[in-house]
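Read the structure below first, then the notes.
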Amino acid sequence: MLNISCEKKQDFISISKQSFSQKKKTNLSVEEKQAWYLKDIVIDTIPGISLRRAKDSLLIDKKGQKVIIAVLDSKIDTNHERLKDYIWKNSKETPNNGIDDDKNSYIDDVNGWNFLGNKKGENTNYTSYEYTRILKKYAHLFKDKEEVDIAPKDSLLFNLYTRAKNTYDKRMKYAKSQLRYANMLLKNRKNLEKGLLKYFPNNNYTKKDLDSLQKIYPNDKELHRYTLIYTNFMQSKYSQKSMELGKLKAQERIDKLLSLSYNERKLIGDDLEDINDTNYGNNIVNDYLDLFVHATEVSSVITSFKLDNIKIMPITVFTNGEVTDKDLALAIRYAVDNGAKVINMSFGKSLSLHEDWVQEAFKYAEKHNVLLMSSAGNEYLNLNEISKNYPTDIGKNGKEVSDNFLLIGGTSQKLTKNLVYYYSNYGNKHVDIFAPGENLYVAFPNNKYEYDSGTSLSSATVAGVAALLYSYYPNLTVSQIKNIIINSGVKYDVDVEIRVGREKKLVPFSSLSKSGSIVNAFNALLMAEKIANQ
């Protein structure tokens, strides 16, 4: 393992155990907090991806080629100040003329495509969970059956159905408990407000007013209880609006996402079981922004790289619920056919009805030299102990079907045992590499910004690095790009804390992914230069 000093800018960055213990920075400035994931471990003592170092030392006077990153996600704020200059424009399509000018079968797809709508411009905001779909499809065969009742030829399907049923029952139980909880909170709030009308007839008061009541009536224990509880309700997460939204989400989860009678494709109008039924969707990729923020967040991580030659292609496949394999497979093909070199899919699910459709799309992307990536997930699970997590390039025989897919875990800015993002999934059989994903300063719709966390942001970070490589080394193959990203990461020789059930334990960071490292743009560019010149 090489150690690097600030003067040796052309050596790979690596961190030994000794140097690791010396490189801890706890008090970050506002600028460092907002851009920590772009920083350098040697120069800044922050475990970012060394993007700024790469741009300042390796990309000066170099001009990259245009690279399109397809973001397969929710609706996106294409007018956000941080995104608008980076949104892909289909130059072959005349806006809103109702004609398929480029003859790609998608009418007026000027900025991308929405697979969750119909030709009338109507869009759905709810899709089923995958386990709900599986129950709908196979209940007529397996409902109330035991394993002894199943013919050997149906055993794999029965196993899928059983796993779906177990997951479904747990989620339905949880949804009902959340609905009861939301109703309880709303009822308690209403009762407390009713009790406080005696003191505030106009129902208008602040925390300071409530504190004053306790001083005015020091012996009124009931009043003290009311004011103490209601003070909690004055927090934003317990506001009337937040609790009503929580109730709505729980109710919609029961009525739609988990409902065995809900027809998720009624509005869209296609046959979900027919991959060749492709005449659906519309070009509306940027509505319902108050409900959907995910794609805006994810895309803003990519645009924070500030590379003018990178464009974002918005493709809507994700809403409340889980992505269908059909939409995902067709979205990948759409992205490839329209020039994307990188496809980011910051979502996942535990079951898949048509994984073959998706994996055929993976192979189609590989054939066209396109790299795909997805987030490992935020359930602090060891994916080694799970049969599969979708989307995946692992086929039914346990081997990779293509060499163009990366699964990304999340890290923090903390050079401590908490280097791994607390909720990140992990596992050296499935997770390829880690990338920053905790407390990233990201865009929210309507020109807003917030800090947020999740492996979705980690995946987007790697998408940006992949685009960087494609831009400056366009002759590299997708397999080379993938392996450069994996093999050029910075290894941290340190034990980190992970959750195992209800327990916590320390394990080597190197044991949590195939690469045992964090993605690094500086190293990746150095390795790409070396390979390109061989």
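The values are calculated or read from the model by the stated rules, or taken from the named source; none is laboratory data. Please read these numbers as outputs of a predicted model, since none were measured by experiment. Backbone-built Cβ (ideal geometry, glycine too); neighbour counts: all protein chains shown.
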Original post:
Within the bounds of region 266-282, is there any residue that is farther than 30 Å from residue 172 by Cα, in contact with a Gly (Cβ under 9 Å, 6 or more places away or on another chain), outside the structural domain of residue 138 (by TED's automatic domain parsing) and aliphatic (A, V, I, L, M)?
Top reply: no
Original post:
Looking at (1) polar (S, T, N, Q); (2) more than 20 Å from the chain's Cα centre (by Cα); (3) surrounded by fewer than 20 Cβ atoms within 10 Å (Cβ to Cβ), can you tell me which one residue 338 breaks?
Top reply: (3)
Subject >> Test set (1) closer than 30 Å to residue 321 by Cβ; (2) modelled with pLDDT of 70 or more - residue 236 fails condition number >> reply: (2)
Original post:
Within region 252-275, can you find the residues that are buried (at least 16 other Cβ atoms within 10 Å of the Cβ), part of a helix (DSSP H, G or I) and either at pLDDT below 95 or charged (D, E, K, R) (or both)?
Top reply: 252, 253, 256
Subject >> Cross-chain or 6+ apart pairs with Cβ under 8 Å, region 383-407 first and without any contact (Cβ under 8 Å) to a residue 40 or more places away in the chain and in the same structural domain as residue 370 (by TED's automatic domain parsing), then assigned to a strand (DSSP E or B) and among the polar types (S, T, N, Q) >> reply: 407/374; 407/375
Original post:
What about residue 60, is it more than 19 Å from the chain's Cα centre (by Cα), β-branched (Val, Ile, Thr), surrounded by 15 or more Cβ atoms within 10 Å (Cβ to Cβ) and at pLDDT below 95?
Top reply: no
Original post:
How about region 141-169: which of its residues are within 20 Å of residue 388 (Cβ to Cβ), surrounded by fewer than 17 Cβ atoms within 10 Å (Cβ to Cβ) and of a type in the set (A, V, I, L, M)?
Top reply: 156, 157
Subject >> Search result, residues across region 370-384 that are surrounded by 18 or more Cβ atoms within 10 Å (Cβ to Cβ) and either among the hydrophobic types (A, V, I, L, M, F, W, C) or at positive phi (or both) >> reply: 370, 371, 372, 373, 376, 377, 381, 383
Subject >> Only one of 349, 326 that is of a type in the set (Lys, Arg) and either surrounded by fewer than 21 Cβ atoms within 10 Å (Cβ to Cβ) or in contact (Cβ under 8 Å) with a residue 60 or more places away in the chain (or both) >> reply: 349
**OP:** Report, by residue number, each residue of region 497-513 that is at pLDDT 95 or above and either crowded, with 17+ Cβ neighbours inside 10 Å or not assigned by TED's automatic domain parsing to the domain that holds residue 53 (or both).
**Re:** 509, 512, 513
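With respect to residue 98, is the statement that it is under 28 Å from residue 448 (Cα atoms) and in a loop (DSSP other than H, G, I, E, B) true? Step through it out loud before you land on a result.
Working: under 28 Å from residue 448 (Cα atoms): no; in a loop (DSSP other than H, G, I, E, B): yes.
Judged against the criteria, residue 98 is not a match.
Going through region 181-199 one residue at a time, which ones are in a helix (DSSP H, G or I) and surrounded by 12 or more Cβ atoms within 10 Å (Cβ to Cβ)? Spell out how you get there, then give the answer.
Quick first cut of region 181-199, residues in a helix (DSSP H, G or I) only: 181-196.
Correct list: 181, 182, 183, 185, 186, 188, 189, 191, 192, 193, 195, 196.
Residue by residue, here is whether (1) surrounded by fewer than 21 Cβ atoms within 10 Å (Cβ to Cβ); (2) under 19 Å from the mean Cα position of the chain (by Cα); (3) under 23 Å from residue 299 (Cβ atoms) holds:
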residue: 398; (1), (2), (3): yes, no, no
residue: 404; (1), (2), (3): no, yes, yes
residue: 407; (1), (2), (3): no, yes, yes
residue: 411; (1), (2), (3): no, yes, yes
residue: 415; (1), (2), (3): no, no, no
residue: 421; (1), (2), (3): no, yes, yes
residue: 425; (1), (2), (3): no, yes, yes
residue: 432; (1), (2), (3): no, yes, yes
residue: 437; (1), (2), (3): no, yes, yes
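Scan 98, 117 and give me the residue that is small (Gly, Ala, Ser) and over 31 Å from the mean Cα position of the chain (by Cα). First the steps, then the outcome.
Working: 117 fails: over 31 Å from the mean Cα position of the chain (by Cα).
After applying the criteria, what remains is 98.
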Original post:
Which condition does residue 37 not pass, out of (1) without any contact (Cβ under 8 Å) to a residue 24 or more places away in the chain; (2) assigned to a helix (DSSP H, G or I), if it passes all the others?
Top reply: (1)
Original post:
Looking at this structure, is residue 105 in contact (Cβ under 8 Å) with a residue 12 or more places away in the chain, loosely packed, with under 15 Cβ neighbours inside 10 Å and part of a loop (DSSP other than H, G, I, E, B)?
Top reply: yes
